[in-house]
Structure formats: C-alpha cells, structure tokens
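Everything below concerns the one structure shown next.
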Amino acid sequence: MISIRCGIALVVAGLLAAVQSARASEQVYTYAVQHPVYGRIGNLVYGIETTGGARRITSQLRVAISIMGVTVYRYETDGVEMWQGSRLMTLQSKINKNGNRIDLHGEAHGGQFIVTSSAGTVATSPDVAPPDPWLVTSVGDSNVISTSTGQVLHVQVSGGESVTIPINGAKIATRHFSISDDKHHEVWLDGHDVPIMFRSIELGDPVDFILEMPDAGGPQHAGSTAAKSAPERGDR
C-alpha cells in the first residue's frame, strides 16, 4: 500500500512540475496605445504560450476615442495564432469597428495557407504570417495576412540600425525597423528581440504602441527569455 501511495505521489508531483513548467513559459505584454492628439486611447495585450515546439499567441486590442464624453470611434480586435516551429498553423481574428464585425479564419493545408473572411477565400504560400511586430527580426520581403480585410499583402522590411530611445524615463537600446505595405509601420526591438515600441501611421497620424514598464535590462514582467517565446522568422 505504501509503495502504491508513493508511486501515486510521484506521478502527481511529476504532473504538477509539468504544469508549473508550462506556466513558466507563458508571457504577457501590455502596450499603451498613444495618439498624438487624443493621448492614451487604449491598450493592446499580447499573450505568448510555448509548449515544446508549439506556440500560441493571443492578442486583444481595445481602442476608443471620446470627445466631450461621447465615444466617436471604437476599434476592438481579438486574435489567436497557433504556430508549430516557424510555420503558422491556424489564425483566428475577430474585429469590431464601430459596431461593424469582421471575422477571419486561416489554416495551414498541405503546401498552402487558406484564409477565409467576408471577402472570400484566398490560398497563399505556407510561410505567410499575420502582421505582428514580434515577427520583425531582419530585413527583407515577405507576405502577410491583413487581419482586417483577409488580403495577402507584400511587405518590405528595411533598417535594423541601432537606436537608443527614451521609454517612460528610461533609455532603451534598440534596433529600429521600417515596414512598408499598404501603410507605413516602425518597430523598435530591445536586446531580446522584444518590441519595446511600434508605430502605425493612421490617416497621417503616428499611433504609438509602447510596452509598459520596460527598464534598461528589458521588460520587467517579460524577462530575458521573452524573445524565445515568439515565433522565429528570418524573412521578416
């Protein structure tokens, strides 16, 4: 009886250790969304969970602009990406723009990636990716899926120069990249390839997404293993 109990205890201990290990691989990154006229207009939260060679990336964007207490603009998105190594396996995106809803679903199928949205169904190359700042690690050309339209866009990434930028009173050493597709974007990565800040030009205005609580050694709540949690893609 004692040996059976000991065996059960060892199994339970092993399961608890596995659960703790899986939880240790989860990372959460919160970005403040800053508009040059309206100030802080919302938050973007990324969650990255790694289990072996598989990665799950969730994103939640909540943006609202109010004038005199009246909300004049609202934009909300919820996304889930499933990766196996460097290949995107599934993609789900739900968008609510001022009450208008857009749903998108993508799935790897053989040597293609199939995207289905309100605009129809598109088959594209298996190395396609969503427009995440986490996937910008080097210069070059690649294809991305627009999660707002379902279209496949050709993007060009340039730059990569070293730049020190001030974030919340701290000076952060970064690499700066520019991304051109149907819009213009910029990304600043820290020494762990974590996006400290990224920028999107919307109707001529620069909208900044700034990681909360970074310090000179990297994000306080992310840790030095943060970059290992994001999918690695050399073509972005």
Taking amide H positions as placed in the peptide plane 1.01 Å from N, state which residues far from I167 in sequence (5 or more) or on other chains have amide H under 5 Å from it. I172
Peptides 54-63, 101-110: what's the order by average Cβ count within 10 Å, highest mean first? 54-63, 101-110
Evaluate the Debye formula for region 21-64 with equal point scatterers sitting on the alpha carbons, no solvent, and hand back log10 of I(q)/I(0) at q = 0.22, 0.24 Å⁻¹, in q order, two decimals. -0.71, -0.78
State, to one decimal in nm, how far the label point of E76 lies from the label point of L203, with both points 7 Å from Cα in the Cβ direction. 2.1
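A short reminder: the numbers here are calculations on the coordinates, not readings from a lab. These numbers were taken from a predicted model, which means no experiment stands behind them. All Cβ positions, glycine included, derive from the backbone under ideal geometry; neighbour counts span all protein chains shown.
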